[in-house]
Amino acid sequence: MRRKRKKILSTDITFDKSELIDIELVDKASLWILRIILNLGGHREFIDNNNNFCKEDVVHFLDLTRYGEMDSAEYTRTEVLDTLKKQLAISEKQDTFSSAKILSKNMKQLSNLIALNSYEEQILEFTVLISQYEVLKNAVSFLGSELNSAQVKRILGLILDIPKSEVDAAFASGSKFSKSSLLMIDKRNTHTLDRKIEPISYKFFDNLMNLDENILEMMKESLKVSEAGSLLLKDYDHMQKDIEILLPYLEQAVATKQTGVNILFYGLPGTGKTELAKVLAQELGTKLFEVSYVDEDEDSIDGSKRLKAYKSAQAFLANEKTLLMYDEAEDIFESSFSFFGPPQRQKDKAWINRILETNTIPTIWITNNIQSIDNALVRRFDMSIELPIPSKSKREEIIKKYSSDMLDKKSIQLLALSTAELKWAV
């Protein structure tokens, strides 16, 4: 949610900066913008050789309104830059800077969850704020529209006064940002700074800035606690042999925080795969979180976004006694899937293999179409279990148990038959 601002009138000589950014962030934002313009060459875009300014809001924010009211011949470019240099010198001497209250509180939550260091916190805060405030987004646009990854890291280091080695470490492949998908640099394309740094989701960033809630509550669009199931373990007695192996295995995995535990459920739609995951969580006394496949508007969430949510869950739930469920897993496991495009297919498979080998939360993956998944990938799962169509007598038993007492025996038989024909028929 971008911060709304009032229209800036050309007659304004003094300007209320809180119209552009929350008042507690003014000093910090001023320092960042001055470093962008003076230390990183942004002045070339901000004011050209004819003394014409770019981005009116930045002009007002930096107390340059009087120049905007003058004819360009009445001042020199050097005069403007000297004025900004004086401002920067003052800002650099400031010892402490305040932050947005809700964001600061949420940053502490994140740090407690995934142990961010102070440099990572600064990078995350900066990225959240440029996604929220137009004046900051306009300022970083002065740095160019075709930045590569190395340039982005250098820029972050200079804006935030962070050593290059620490910026490199923050975005390394095994970093907390990478493992959680919290923040990553787009290595495939050149962009402006704000587009090169990819958040887990802009909705999550908006929540960090504005929502005083538990971090997991902020993720509910893509990761949520599963609703309680309606079945019991004895309703799956037709799968007794598989469950006798699976249940103690998952119990051990949860108790020891074993890594790389992945179970695949497959079978025709309606055979109870999702319900079985819920039953297992109930039996183990754990929570069950599910990676959503639709958002709050019931629109489908694409595979890449779901995988980001899955990686975040691994980081955010590390201290929870829980299982994860990834339903409709065919969106990433199908042989035709390519996360980065057809030429990258083998890299995609290797990337998915790494996910299956290193996940810290035991995960139940569910698909209706195992035929579309590469056999080599199927072999990566600890157990692959097919959920068969229950016998007609078993279906009658379940329907009788969980349906209204008003149903007579004939109705139950007909319902079981129609269910078999419409939902479980091959």
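The values are calculated or read from the model by the stated rules, or taken from the named source; none is laboratory data. Every value quoted in this text rests on a predicted model; they were computed, and no experiment measured them. Every residue, glycine among them, receives a Cβ derived from its backbone with ideal geometry; neighbour counts consider all protein chains shown. Calculation scope for accessible area: heavy atoms of the full protein, side chains included, ligands and nucleic acids excluded. Shrake-Rupley method; radii C 1.70, N 1.55, O 1.52, S 1.80 Å.
Here are a few things to note about the model shown:
- Of all the listed residues (Val294, Val261), the sole one being modelled with pLDDT under 95 and of a type in the set (A, V, I, L, M) is Val294.
- Selection count, segment 44-76, where residues are open to solvent by 80 Å² or more (accessible area, probe 1.4 Å) and part of a helix (DSSP H, G or I): 6
- Total residues in segment 77-117, condition open to solvent by less than 70 Å² (accessible area, probe 1.4 Å), of a type in the set (Ser, Thr, Tyr) and part of a helix (DSSP H, G or I): 4
Yes or no, residue by residue, for (1) at pLDDT 70 or above; (2) in contact with a helix residue (DSSP H, G or I) (Cβ under 7 Å, 6 or more places away or on another chain); (3) of a type in the set (D, E, K, R):
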residue: Met1; (1), (2), (3): no, yes, no
residue: Ile8; (1), (2), (3): no, yes, no
residue: Asp12; (1), (2), (3): no, yes, yes
residue: Asp16; (1), (2), (3): yes, no, yes
residue: Glu19; (1), (2), (3): yes, no, yes
residue: Ile23; (1), (2), (3): yes, no, no
residue: Ala29; (1), (2), (3): yes, yes, no
residue: Ile33; (1), (2), (3): yes, yes, no
residue: Leu38; (1), (2), (3): yes, yes, no
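- Screening Leu182 on (1) under 21 Å from the mean Cα position of the chain (by Cα); (2) open to solvent by 80 Å² or more (accessible area, probe 1.4 Å) shows it passes everything except condition (2).
- Entirely in segment 118-173, the helices (runs of 4 or more DSSP H) that have 1 or more residues that are without any contact (Cβ under 8 Å) to a residue 12 or more places away in the chain and under 13 Å from Asp194 (Cα atoms): 149-160
- Matching residues in segment 218-261 - criterion: being open to solvent by 20 Å² or more (accessible area, probe 1.4 Å), in contact (Cβ under 8 Å) with a residue 12 or more places away in the chain and hydrophobic (A, V, I, L, M, F, W, C): Val225, Ala228, Leu231, Leu232, Leu233, Ile245, Leu247, Val254
Conditions (1) at pLDDT 60 or above; (2) closer than 21 Å to Tyr266 by Cα; (3) not in a helix (DSSP H, G or I), marked per residue:
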{"position": "Arg354", "(1), (2), (3)": "yes, no, no"}
{"position": "Ile385", "(1), (2), (3)": "yes, yes, yes"}
{"position": "Pro388", "(1), (2), (3)": "yes, yes, yes"}
{"position": "Arg395", "(1), (2), (3)": "yes, yes, no"}
{"position": "Ser404", "(1), (2), (3)": "no, no, yes"}
{"position": "Leu407", "(1), (2), (3)": "no, no, yes"}
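- Filtered residue count, segment 322-351, keeping only those that are under 21 Å from Ser300 (Cα atoms), at pLDDT below 85 and under 19 Å from the mean Cα position of the chain (by Cα): 4
- Taking residues in segment 280-304 that are over 29 Å from Ile245 (Cβ atoms), and partners anywhere that are open to solvent by less than 30 Å² (accessible area, probe 1.4 Å) and assigned to a strand (DSSP E or B), the pairs with Cβ atoms closer than 8 Å and at least 6 places apart or on different chains are Ser292/Leu223.
- Filtered residues of segment 185-199 (kept if surrounded by 20 or more Cβ atoms within 10 Å (Cβ to Cβ) and either in a helix (DSSP H, G or I) or over 21 Å from the mean Cα position of the chain (by Cα) (or both)): Leu193, Lys196
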